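Visitor: Below is a structure I'd like to ask you about.
The values are calculated or read from the model by the stated rules, or taken from the named source; none is laboratory data. Every value quoted in this text rests on a predicted model; they were computed, and no experiment measured them. Glycine gets a Cβ as well: all are built from the backbone with ideal geometry, and neighbour counts include every protein chain shown. Only protein heavy atoms, including side chains, enter the accessible area calculation; ligands, DNA and RNA are left aside. Shrake-Rupley method; radii C 1.70, N 1.55, O 1.52, S 1.80 Å.
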Amino acid sequence: MDTVGWWSLVRFAHVAGAALWVGGQLALSLVILPLARHVLASEAKDTFTAAAGRRFGMLTGAIFLPVQLATGLAMAWHKGVTWASLAEPGYGRTLATKLALFVVVMLAAAGHGIAHAKGRAELARALAVVSLVGSLGVVLLATALPAT
């Protein structure tokens, strides 16, 4: 595979991972969880939603996060990004903002899981919203970055 093909594959893995993460959040939030609330009895709903959340969290930690980190670092290296360049107007600042928001999203997602496990439903829901809205912001910022 030539260099152009390799970087296309890396970029595809990064974009596909982001699409699966955001799409999974949207599917859970807008389709699966509301349907579970209306169709399942309370105990079954609680069991199902907890299992769905754990499964999504495990996939995030085992697949999504490692793929995003590896491909993101590879693309930054390929683009010649340095710590200093993250402060430069344009690409650098946009990427820095995207990275900072990504960290906030991951912290909110982790906090959501912890809050849910401790039975703090309102906090868990608020952190889920922060994670989803932040994820959409990460995607928006990514569209402003030129392909590597």
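Visitor: Could you list, in sequence order, the residues of the stretch 18-70 that are open to solvent by 40 Å² or more (accessible area, probe 1.4 Å), more than 16 Å from the chain's Cα centre (by Cα) and of a type in the set (Val, Ile, Thr)?
Guide: VAL31, ILE32, VAL39, THR47
Visitor: In the stretch 115-128, is there at least one residue being within 30 Å of ARG11 (Cβ to Cβ) and not hydrophobic (A, V, I, L, M, F, W, C)?
Guide: no
Conditions (1) open to solvent by 60 Å² or more (accessible area, probe 1.4 Å); (2) at pLDDT below 95; (3) under 23 Å from ALA144 (Cα atoms), marked per residue:
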{"site": "HIS78", "(1), (2), (3)": "yes, yes, yes"}
{"site": "ALA84", "(1), (2), (3)": "yes, no, yes"}
{"site": "ALA87", "(1), (2), (3)": "yes, no, yes"}
{"site": "LEU101", "(1), (2), (3)": "no, no, yes"}
{"site": "VAL104", "(1), (2), (3)": "yes, no, yes"}
{"site": "GLY113", "(1), (2), (3)": "no, yes, no"}
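Visitor: Shifting gears a bit: From (1) open to solvent by 60 Å² or more (accessible area, probe 1.4 Å); (2) of a type in the set (S, T, N, Q); (3) within 15 Å of the chain's Cα centre (by Cα), pick out the condition that doesn't hold for SER131.
Guide: The single condition SER131 does not satisfy is (1).
Visitor: Counting just the residues of the stretch 1-17 that are of a type in the set (A, V, I, L, M, F, W, C) and exposed (fewer than 15 other Cβ atoms within 10 Å of the Cβ), which one comes out farthest from VAL133 (Cα to Cα)?
Guide: Result: MET1.
Visitor: Which residue pairs have Cβ atoms under 7 Å apart, sit 6 or more places apart or on different chains, and have a first residue in the stretch 18-40 that is more than 20 Å from SER135 (Cα to Cα) and a second that is in a helix (DSSP H, G or I)?
Guide: Every condition considered, the pairs that remain are ALA36/LYS45; ALA36/PHE48; ALA36/THR49; ARG37/LYS45; LEU40/PHE48.
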